[in-house]
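The values are calculated or read from the model by the stated rules, or taken from the named source; none is laboratory data. All figures in this text were calculated on a predicted structure; none of them were measured in a lab. Cβ atoms come from the backbone with ideal geometry, glycine included; neighbour counts cover every protein chain shown. Just so you know, the surface numbers come from the protein's heavy atoms only, side chains and all, with ligands and any DNA or RNA stripped out. Shrake-Rupley method; radii C 1.70, N 1.55, O 1.52, S 1.80 Å.
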Amino acid sequence: MRIILLGAPGAGKGTIAKALMEFDGSVQISTGDILRNAVTAGTELGKKAHGYMERGELVPDTLIMGIMESRFKEPDCEKGFILDGFPRTFPQAEALKKLLKRLDLELDLVVNLDVPEAVILDRLTTRRTCSNPRCQEIYNIKSKPPTEDGKCKKCGWPVVQRDDETEEAIIKRLDTYTQKTAPLIDFYEKEGLLTTIPSTSSEEIVSAIKKEMGLA
Ligand code: ADP
């Protein structure tokens, strides 16, 4: 499948992407994960992106398109991809359209995960992430805690609160989403690709997506 997951920070894009990936071997492409790995590794990209990310602002479109252009060319994309956190602005959506055309690829579906703001705020402040760049399992101190001593149940690395999960950065990220990313819902509606799925359990969301794709 080739799909885009749209939704506010904390809407559950990462969790849904991982579940879909297990289902049919399509690869999750999370620009947030790619950027965080670049920051941890101290690469040029990481140095450029770090400040924006820490403040909860978007990284410039040109940097993001550079990442995506090379990512799509990697062989694991052949089975399909689930875009998680990209595109996030009109220029990115327009550039993606051109890029896919050039690569002769078509999108199947754009899924809008519609989650109430109160739920999002609660999730983001209680969310924790595995610090292992190759794992990045997501935890929640209320509903899915790590081990008692704060370690990842999958790989044993420490589970941490992300730099951009301070209250100030969270408010900024939600505001950025409303202003820059939410308008893409309309964009993909007009392209005839959009389906909106209300906030339910991740299992139900995954089944709704499979059904939409004619896979269930
Ligand atoms: P969330 O969806 O929870 O905000 P992500 O992991 O998707 O988290 O993104 C973390 C940060 O990485 C964003 O706040 C932003 O600074 C940067 N980022 C990720 N994807 C993009 C993108 N497509 N365009 C611009 N910035 C991005």
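For Lys190 and Ser70 in one chain, what is 0.36 nm times their gap in residues minus the Cα-Cα distance, to one decimal in nm?
On the way: separation 120, 0.36 × 120 = 43.20 nm, distance 2.78 nm.
Extra length available between Lys190 and Ser70 comes to 40.4 nm.
What do you get when you divide the Cα radius of gyration of the stretch 1-90 by 2.2 N^0.38 Å, with N the number of residues? Please report the intermediate quantities before stating the final value.
Details: Rg = 13.1 Å, N = 90, 2.2 N^0.38 = 12.2 Å.
Taking N as the residue count of the stretch 1-90, the ratio is 1.07.
Among the listed pairs Lys101/Lys154; Lys101/Lys210; Lys97/Lys144; Lys144/Lys211; Lys47/Lys210, give every one whose C-alpha distance is greater than 29 Å.
Correct reply: Lys101/Lys154; Lys97/Lys144; Lys47/Lys210.
How long is the gain from Asp163 to Thr62 if the chain were fully straight, where each residue apart is worth 0.36 nm and the alpha carbon distance is subtracted?
Details: separation 101, 0.36 × 101 = 36.36 nm, distance 2.33 nm.
Contour length minus the Cα-Cα distance gives 34.0 nm.
Taking only C-alpha pairs under 8 Å that are 6+ residues apart, what is the relative contact order of the chain in percent? Let's see the in-between values first.
On the way: 308 pairs, mean separation 63.3, N = 216.
Normalised by residue count, the contact order of the chain is 29 percent.
Can you list residues from other chains, or at least 5 along the same chain, whose modelled amide H is less than 5 Å from the amide H of Leu6?
Val111, Asn112, Leu113
So if R0 is 25 Å, what FRET efficiency would Asp149 and Glu22 give, r being the distance between their Cβ atoms, rounded to the nearest 0.05? Write down the numbers at each step before the final one.
Numbers: r = 28 Å, r/R0 = 1.11.
The computed FRET efficiency comes out at 0.35.
What number, in nm² with one decimal, is the all-direction average of the projected area of the convex hull of the alpha-carbon atoms of the chain?
On the way: hull surface 45.9 nm².
Reported value for the Cα convex hull: 11.5 nm².
Per residue, how much accessible surface does the chain expose to a 1.4 Å probe? Answer in Å², no decimals. If you can, show how the numbers build up before the last one.
On the way: 11220 Å² over 216 residues.
For the chain, the solvent-accessible area averages 52 Å² per residue.
Based solely on its DSSP helices, what 222 nm [θ] is calculated for the chain when runs of n ≥ 4 H residues each add -39,500 (n - 2.57) and the sum is averaged over all residues, nearest 500 deg cm²/dmol?
Numbers: 9 runs with 99 residues, N = 216.
Only helices count here, giving -14000 deg cm²/dmol.
Enumerate by residue number the trypsin sites (Lys or Arg not before Pro) in the stretch 72-122 meeting two conditions: DSSP loop (anything except H, G, I, E, B), and at most 14 other Cβ atoms within 10 Å of the site's Cβ. Before the final figure, lay out the partial values.
On the way: sites: Lys73, Lys79, Arg88, Lys97, Lys98, Lys101, Arg102; in loops: Lys73, Arg88.
Of the trypsin sites (Lys or Arg not before Pro), the ones in loops of the stretch 72-122 whose Cβ has at most 14 other Cβ atoms within 10 Å are Lys73.
Using 0.36 nm per residue, how much length does the chain from Lys142 to Leu103 gain when fully extended, once their Cα-Cα distance is taken away? Walk me through the intermediate numbers first.
Values: separation 39, 0.36 × 39 = 14.04 nm, distance 4.31 nm.
Length gained between Lys142 and Leu103: 9.7 nm.
Check which residues have an amide H placed less than 5 Å from Gln28's amide H, if you skip close sequence neighbours.
The list, which skips near neighbours in sequence, is Ile82.
Any idea of Asp186's accessible area? Nearest 10 Å², probe 1.4 Å.
90 Å²
Carbon and sulfur atoms: what percent of the 1.4 Å accessible area of the chain do they account for? Walk me through the numbers before you get to the answer.
Numbers: 5820 of 11220 Å².
The nonpolar share, carbon plus sulfur, comes to 52 percent.
Hey, got a sec? Which GluC sites (Glu not before Pro) in the stretch 115-206 land in a DSSP loop and have at most 13 other Cβ atoms within 10 Å?
On the way: sites: Glu117, Glu137, Glu148, Glu165, Glu167, Glu168, Glu189, Glu191, Glu203, Glu204; in loops: Glu137, Glu148, Glu191.
In loop regions of the stretch 115-206 (DSSP not H, G, I, E or B), the sparsely surrounded GluC sites (Glu not before Pro) are Glu148, Glu191.
Do any trypsin sites (Lys or Arg not before Pro) in the stretch 128-216 lie in a loop, going by DSSP, with at most 13 other beta-carbon atoms within 10 Å of their beta carbon, and if so which? Walk me through the numbers on the way to the answer.
Details: sites: Arg128, Arg134, Lys142, Lys151, Lys153, Lys154, Arg162, Lys172, Arg173, Lys180, Lys190, Lys210, Lys211; in loops: Arg134, Lys142, Lys153, Lys154, Arg162.
Answer in residue order: Arg134, Lys142, Lys153, Lys154.
Output the direction-averaged projected area (hull surface divided by four) of the convex hull of the alpha-carbon atoms of the stretch 54-133, in nm². Let's see the in-between values first.
Numbers: hull surface 28.9 nm².
If you wrap the Cα atoms of the stretch 54-133 in a convex hull and average its projections, you get 7.2 nm².
If amide H atoms are built 1.01 Å from N in the plane of the peptide, which residues on other chains or at least 5 residues away come under 5 Å of the amide H of Lys151?
Val159
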